[in-house]
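Peer 1: Take a look at this one; I'll ask things after.
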Amino acid sequence: MSRPDPVIPLRMEELFAIFNAIEGAVYVADMESYEVLAVAGRSGDGDPDGLVGRKCYERFQDGRQGPCPFCTNHLLVGPDGKPNRPVVWEFQNPRNQAWYLCIDRAIPWPPDGRLVRMEIAIDISERKRAEEALIRSEQNFRELVENSLVGILLVQDGEIIYQNPEQRRLFGVLPRSFNLETFPGIHPDDAVKVRESYRKISGGLSAQVDLDFRFYPGGRQRPENMKWVYCRARPIDYQGRKTMLISMMDIGQSKELERLIRVQDKMSSLGRVAAGIAHEIRNPLSGLNIYLDTLEKIYGQPEEAAKAGEIFRQLRVASGKIEAVIRRVIDFARPGQPHFEEADLNRLVEAALGLAAVFLRRHGVRVETALAPELPLVLLDPQLIEQVLVNLFTNSAEAMRGMDGPRRIRVGSGVAGEWVEVWVEDNGPGVEAAVRDKIFDPFFTTKPDGTGIGLNISHRIINDHQGRLLVADSALGGARFVISLPVAKKG
């Protein structure tokens, strides 16, 4: 039979000296009479309020006439009359509105050995205020998230743990198991883009992915159901676990606006095309009508045979002009498809200069070259790029037509990062800043006899090569056109 633990007498003054150092207070009260037997606190001033000898509930609970309803006395002693484990609890004192963490236990009172309640009350008001502030902050944050115009989705281990109302509006109520790369409602044309982006972020290959895509809520692939969203996905730590945060914004209205702007641009271009065609055809057509009227008057008169022959020649010239306009329109509507091969841009520049040499000499243009040696190879269609270069050479020469003094064209090449560049500049009148945004539009021209097709086709050819064609001011005083094409990838 084990011997009971010996009771070690406590000197209360020593015990209270320790308690005087804590942030709060400690008191001892009789468990039957509720009389306060001893008090200690942070101040170390003993019993300044005269609590000893009074009922604990009278002083601590603003003159209450009986034991507090939350008193722990009945929990501190077991049926066998021995002390139970300490009781730990929190409460807010209505007297001073302070919050306390209370630790109550039954201890033997040294003078006579009876069991009394000792309560240690630690002031936790600051902690409580911080907790309440955190709760309010979390509530405010939740309200922001719940009322956000951005759809928010939290995914842990392939399962949705949160979906805000906007996300439910966009996608509907989603199943608990979720994987964006296999989501059935993704538009077929965007499926590969979405799948690759999701694999990057979920595999840790990217810290964040941003993309826009189309999808059908509920998987019903009907045109009227389709939505456009802008999506951002990134991993975060949420409640101590790796979580995927997916935020989405409905961009259907902006996409519709983009579509309307494109339609408007096309209609505007179509209007310029129609006006250009009408202008190009009206002049030779007017000539045709005049010649036909004249021919009708002299028809059958032998003495007018020579004049009739000249009229027929003019009719053929006018007809040829109309045919040329129609051919240019067909070229504009159906440009050739590039056939790519690796080539040296310098050789194409030299070949294009050879093709345009006679035209440039006839216009009195002196050509200067500044070609960088050993340019990286470029993946291109040589015939189409030569066509662009010849068009730039002839445009520069025509722009300087009627100019007094020397006429110069300078052609250069070089490397700018991952791009190979060729530039053509002249000392002509240049291109006004007000029309630079329109210079590549179809049928836009600043020349009295221009068609406005050449630069548009050149621009489209360079775009088909994933390159850029830009216009700027030249150091020679005129216009500078720069072609930038990407360096061919090795392997």
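The values are calculated or read from the model by the stated rules, or taken from the named source; none is laboratory data. Owing to the predicted nature of the structure, the values given are computational and were not obtained by experimental measurement. Here the Cβ is made from the backbone with ideal geometry for all residues, glycine too, and neighbour counts use every protein chain on show.
Peer 1: Conditions first: (1) assigned to a helix (DSSP H, G or I); (2) under 30 Å from F178 (Cβ atoms). R129 passes all but one, so which condition is the exception?
Peer 2: Here R129 clears every test but (2).
Peer 1: Can you list residue pairs whose Cβ atoms sit under 7 Å apart, with the first residue in segment 42-69 being modelled with pLDDT under 65 and the second being of a type outside the set (A, V, I, L, M, F, W, C) and not in a loop (DSSP other than H, G, I, E, B)? Count only pairs 6 or more apart in sequence or on different chains.
Peer 2: R42/G24
Peer 1: Output the number of residues of segment 137-168 satisfying the condition of being among the charged types (D, E, K, R), over 24 Å from S202 (Cβ atoms) and modelled with pLDDT of 85 or more. Please lay out each step first, then the result.
Peer 2: Filtering segment 137-168 for residues among the charged types (D, E, K, R) gives 138, 142-143, 146, 157, 159, 166, 168.
Cutting the leftovers down to over 24 Å from S202 (Cβ atoms) gives us 138, 142-143, 146.
From what is left, the residues that are modelled with pLDDT of 85 or more are 143, 146.
Final tally of qualifying residues: 2.
Matching residues to (1) under 18 Å from A38 (Cα atoms); (2) without any contact (Cβ under 8 Å) to a residue 24 or more places away in the chain:
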{"residue": "R85", "(1), (2)": "no, yes"}
{"residue": "N93", "(1), (2)": "no, no"}
{"residue": "I107", "(1), (2)": "yes, no"}
{"residue": "M118", "(1), (2)": "yes, no"}
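Peer 1: Let me ask something additional. Let me confirm something: among V420, V415, V424, which residue is in a strand (DSSP E or B) and out of contact with any strand residue (DSSP E or B) (no Cβ under 6 Å at 6 or more places or on another chain)? So that I can check it myself, show each step before the final result.
Peer 2: On the way: V420 fails: out of contact with any strand residue (DSSP E or B) (no Cβ under 6 Å at 6 or more places or on another chain); V424 fails: out of contact with any strand residue (DSSP E or B) (no Cβ under 6 Å at 6 or more places or on another chain).
Just a single option satisfies the conditions, and that option is V415.
Peer 1: Looking only at segment 311-360, filter to residues that are in a loop (DSSP other than H, G, I, E, B) and among the charged types (D, E, K, R); which one of those is modelled with the highest pLDDT?
Peer 2: D344
Peer 1: In segment 443-482, which residue that is closer than 19 Å to G430 by Cβ and of a type in the set (K, R) is modelled with the highest pLDDT?
Peer 2: Looking at the filtered set, the residue picked out is R480.
Peer 1: Name the residues in segment 85-113 that are surrounded by 13 or more Cβ atoms within 10 Å (Cβ to Cβ) and more than 53 Å from the chain's Cα centre (by Cα), would you?
Peer 2: Selection gives P86, V87, I103, D104, R105, A106, I107, P108, W109, P110.
Peer 1: If G81 satisfies all but one of (1) farther than 15 Å from A25 by Cα; (2) surrounded by 11 or more Cβ atoms within 10 Å (Cβ to Cβ), what's the number of the condition it fails?
Peer 2: The single condition G81 does not satisfy is (2).
Peer 1: Kindly indicate which of R241, R234 is assigned by TED's automatic domain parsing to the domain that holds G158 and under 19 Å from V150 (Cβ atoms). Explain how you work it out, then say what you get.
Peer 2: Details: R241 fails: under 19 Å from V150 (Cβ atoms).
Among R241, R234, only R234 is assigned by TED's automatic domain parsing to the domain that holds G158 and under 19 Å from V150 (Cβ atoms).
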